[in-house]
Amino acid sequence: MSDFSGMTSLNPGYRALMLGASGGIGSAFVAAIKADPACGSVVELSRSRDGFDITDEASVSAAATRLSEAELKFDLVICATGALVIDGNGPEKTIKAIQADVMAAQFALNAIGPALALKYFGPLLSNEGKSIFATLSARVGSIGDNKLGGWISYRSAKAALNQITRTSAIEIARLRPKGVVVTLHPGSVDTGFSGGFSKGHDRIQPSESVAMMLSVLDRLEPAQTGGFFAYDGQPIEW
């Protein structure tokens, strides 16, 4: 269990932005951040509640514009959007099962969507002290850690997300040297996300995963920006 009791590395009264706020992990993030006495406010965006669609550039741009016009800056931005099963299509077991449209849907949601989030919400990161932009990746997106094969579209989309985040971190650091931009592996979390594909794996509750990830983010230093970390704080190879 994590000993997370609040974000001590961010400015007191910090403002957070949660993308994918209605999902299993997203809603757990919202609950944990709202319970943090150091948090000043949380802005929540989700598809089910306000029509925020991470795969639609116009939707992402419009949301960012609204926040910018309100002159809001954020100390913490978390992108918890994503899916393993899309439109009933789960992960492939073999290259023979690849379907172009299914693979494209994986990239649209799990790679291009977070790229759009970084494009439009990255400029809204505060430059007053440490700021954090975290996207949820997955250990199966690690190329070096891949010993089993399979899950080609999902693995590849998450590997692309890791590269997108790494590259964005380098760019963001030029204007925000105290920024921390990273990808996180939440573990096998007990939500509806996996569509039953995580059977046989030990699963943790969303609240536990989130507490551990927030603790990791709180400990990370700007020198570690661009990294890929597990919920327990251990770095994951690319």
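The values are calculated or read from the model by the stated rules, or taken from the named source; none is laboratory data. Nothing here was measured: the structure is a model prediction, and the numbers come from that model. Don't worry about glycine lacking a Cβ; one is built from the backbone with ideal geometry, like all the others, and counts go over all protein chains shown. Ligands, DNA and RNA are excluded from the accessible area calculation, which covers all protein heavy atoms including side chains. Shrake-Rupley method; radii C 1.70, N 1.55, O 1.52, S 1.80 Å.
Brief remarks follow.
- Filter result for the condition that a residue is open to solvent by 10 Å² or more (accessible area, probe 1.4 Å), of a type in the set (Val, Ile, Thr) and within 30 Å of Glu71 (Cα to Cα), over Ile236, Ile170, Ile152: Ile170
- Filter pass, Asp202 being open to solvent by 40 Å² or more (accessible area, probe 1.4 Å), over 30 Å from Gly40 (Cβ atoms), modelled with pLDDT under 95 and in contact with a helix residue (DSSP H, G or I) (Cβ under 9 Å, 6 or more places away or on another chain): no
- Only one entry in Gly226, Gly144 is of a type outside the set (Val, Ile, Thr), under 14 Å from the mean Cα position of the chain (by Cα) and either in a loop (DSSP other than H, G, I, E, B) or modelled with pLDDT under 95 (or both), namely Gly226.
- Test: residue in segment 113-123 that is at positive phi and of a type in the set (D, E, K, R): no
- Checked against (1) open to solvent by less than 50 Å² (accessible area, probe 1.4 Å); (2) assigned to a helix (DSSP H, G or I), Ile78 meets all criteria but (2).
- Among the residues of segment 153-183, the ones that are in contact with a helix residue (DSSP H, G or I) (Cβ under 6 Å, 6 or more places away or on another chain), of a type outside the set (Ser, Thr, Tyr) and assigned to a helix (DSSP H, G or I) come to 9 in all.
- Out of Asp36, Asp53, Asp75, one residue alone is touching a strand residue (DSSP E or B) at 6+ places or on another chain (Cβ under 8 Å) and acidic (Asp, Glu). It is Asp75.
- Hits in segment 24-37 - residues which are open to solvent by 30 Å² or more (accessible area, probe 1.4 Å) and either part of a loop (DSSP other than H, G, I, E, B) or of a type in the set (Gly, Ala, Ser) (or both): Gly24, Ser27, Ala31, Ala35, Pro37
- Within segment 97-129, the set of residues being open to solvent by less than 30 Å² (accessible area, probe 1.4 Å) and among the hydroxyl-bearing types (Ser, Thr, Tyr) comprises just one member, Ser126.
- Single residue of Gly40, Gly88 found to be surrounded by fewer than 16 Cβ atoms within 10 Å (Cβ to Cβ), closer than 19 Å to Val30 by Cβ, out of contact with any helix residue (DSSP H, G or I) (no Cβ under 7 Å at 6 or more places or on another chain) and not charged (D, E, K, R): Gly40
- Filter result for Ser188 (in contact (Cβ under 8 Å) with a residue 24 or more places away in the chain and open to solvent by 40 Å² or more (accessible area, probe 1.4 Å)): no
- Ala115, sole failed condition from (1) of a type in the set (Gly, Ala, Ser); (2) in contact with a helix residue (DSSP H, G or I) (Cβ under 8 Å, 6 or more places away or on another chain); (3) not in a helix (DSSP H, G or I): (3)
- If you filter segment 63-78 down to residues that are among the aliphatic types (A, V, I, L, M) and within 20 Å of the chain's Cα centre (by Cα), you find that the one that is nearest to Arg219 (Cα to Cα) is Leu76.
- Criterion (in contact (Cβ under 8 Å) with a residue 12 or more places away in the chain, of a type outside the set (Val, Ile, Thr) and more than 24 Å from Met213 (Cα to Cα)) met by exactly one of Ala28, Ala16, Ala63: Ala63
- Any pair with Cβ under 6 angstrom, 6 or more apart, that starts in segment 166-182 at a residue that is over 22 Å from Ile236 (Cα atoms) and at pLDDT 95 or above and ends at one that is assigned to a strand (DSSP E or B) and not β-branched (Val, Ile, Thr): Arg176/Leu125
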